[in-house]
Structure formats: C-alpha cells, structure tokens
Amino acid sequence: MRLTFTVTRFNPETDQHSHQEDYRLDIGRGMTVLEALIRIKNELDGSLSLRYSCRSAICGSCAMRINGTEKLACRTSIRKEFERHGKIAVEPLPNLPVIKDLVVDMAPFWEKIRAVTPWLTPETHPTKRYGPTGQLRLLPETYQFHNVDACIMCGACVTTCTSHEVSR
C-alpha cells in the first residue's frame, strides 16, 4: 500500500513559519508511524528531524501529534490511523517550542513537572508507615495514585492540555 504522509516541517535557520510537506511511501503490514518516519528520513529526505529512542513505548521520545491527537509514533499503527482518518498527518507536540521539524524543546514540560512535585515524599516519622509486624502498610492516601507509575513522562497529555497552553 502506498500512502502520502503529511509532515509539519520547520527549520529555524531558513523558515519563519512551519509548513507541510508530503511524502509518498510504500508501507508494510504492521508498520508504525515511527517506522515510516525513519524510512522517510533514510530514503526520501535526510533533513527530516525527529526524536526517538527505544521504539518500544518505554521512553516517550517519539511523542508527537498524529492526525490531530498526541500519541507515541512507535506505538501507532499506520493502517489503523489511515482506516480511521483517511490520512496520515504528523506534527510536533503542541505548546512547546519547536527546535526543528518534529523535535520540541521539552525543558518547559520538565520545569512544570518539577514545580508540582508529582512524587511521594516520606513522612518525617516513617515508622508510622509500618504495622506492628514491621511490614509496610499502604496508607489510604496512596490509593489515589493507582496506575500513576504507568506514566512514561512523554509529555503528550500535558502539552495538549488547554491549561498548559494558557500558562505558557
């Protein structure tokens, strides 16, 4: 299957504003958006900049806007996206400064994370956390943090938030 990928491009050395560029690519069965972008970079346009690392949805480096929704490119199936939207359009994460093409400056994201201290700190008297047998017991407050450890800090949910946009 041959598809057109519309990629938002921006080079601060030559562009005043971002623009879209189309790339035609044959895609294979089970191919992800990240795999396609890597092929575009390697086979069609070596100047395309994107960030990726693990290719396994662990590091969050490849977070970007795909067809208007923030997703991990390494986990996004081209076929499913095309069936759902009839196109493949790729943009950088919103509300962060674009360094080049699909690469954004994550510093503002990390500053906001540090400012809200989204981690648990030990009590001044940690012995209260242990029962009479010396085993760690879960405090009722910890239940509200269920599944928070699944976050890979990719920034996709934060950058799309309208509150983030306003507080830039």
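Taken together, the values in this text are just the output of simple stated rules run on the coordinates, not laboratory data. Please read these numbers as outputs of a predicted model, since none were measured by experiment. When we count neighbours, we look across all protein chains shown, and the Cβ atoms used for this are built from the backbone with ideal geometry, even at glycine.
At-a-glance table
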| read-out | value |
| --- | --- |
| Using a Förster distance of 30 Å, the FRET efficiency for Arg24-Ser56 (Cβ separation, nearest 0.05) | 0.60 |
| For segment 89-111 versus segment 17-70, the gap between their alpha-carbon centres in whole angstrom | 14 |
| Once the Cα gyration tensor of segment 23-118 is diagonalised, semi-axes √(5λ) in Å | 25, 15, 12 |
| GluC sites (Glu not before Pro) restricted to segment 13-67 and DSSP loop, no more than 15 other C-beta within 10 Å | Glu13 |
| Under the Karplus curve 6.51 cos²θ - 1.76 cosθ + 1.60, θ = phi - 60°, whole-Hz ³J(HN,Hα) for segment 68-81, x wherever Gly or Pro sits | x, 10, 6, 8, 8, 5, 6, 10, 9, 6, 4, 4, 5, 5 |
| Amide H contacts of Val104 (H built 1.01 Å from N, under 5 Å, at least 5 apart or other chain) | Ile99 |
| Qualifying trypsin sites (Lys or Arg not before Pro) for segment 19-82 [loop in DSSP, other Cβ within 10 Å: at most 10] | Arg29 |
| Label-point separation in nm, Arg75 to Lys112, each point 7 Å along Cα→Cβ | 1.9 |
| Total formal charge among the other residues, if their Cβ is under 9 angstrom from that of Val33, Lys/Arg +1 and Asp/Glu -1 | 0 |
| Label-point separation, Asn42 to Glu83 (7 Å along Cα→Cβ), nm | 2.6 |
